[in-house]
């Protein structure tokens, strides 16, 4: 009986020892596995970030360098969707070699149902405080691009947006007229520049429909 009891205790001890070592090895292995996973995840993040930075720097170079060559034109066409989606498009050639030669902005004349009129304008940076300019600078860029005839597809949408923003149920907008105002900057003999009187040009007239105000 004693021999059988000793054998049973020995067998039980061996089973517990094997279970202990198995648990220990499993915990150690899972710990090592988690360390490996963390390492590869961090490395994958670094690779992804470096690839994005490389792409972004290359995209900015293609977009902003003021060179009209087939290679740069191809690069601009490839990155155009990304820049338009992110709102990062910027024409740095506004500074060189031929800076803008006129101050300009866009106004809208809103004609109401009762015959009255109102002049509406995009935010103008020279009329805003420094903090407001920080948040509304995009309006200036949008207004500059709106004056380009190549972007005339935007004019109906802009007119509808202005009509909705300036209508009331009792007196809705009936017509929106987009007007471009500009003042040429003429160089003087001494190298300075003198702004000329303001001129204006009608870009687009839109008859507002009832569904436009909904």
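With the convex hull drawn around the C-alpha atoms of the range 100-150, the volume per residue stands at 121 Å³.
Restricting the calculation to Cα atoms, every distinct pair contributes to the Kirkwood radius of the range 100-213, found to be 15.5 Å.
This ranking places 212, 68 by how few other beta-carbon atoms lie within 10 Å of each, fewest first, which gives 68, 212. Remark: the residue 44-residue 198 segment gains 49.7 nm on full extension, using 0.36 nm per residue and subtracting the alpha carbon distance. Distance between the C-alpha centres of the range 122-192 and the range 66-91: 24 Å, rounded to the whole angstrom.
Computed from the coordinates by the stated procedures, all read-outs in this text should not be read as laboratory data. Just so it is clear, the structure is predicted and the values come from calculations on it, not from any experiment. Note that each Cβ is placed from the backbone with ideal geometry, even for glycine, and that neighbours are counted across all protein chains shown.
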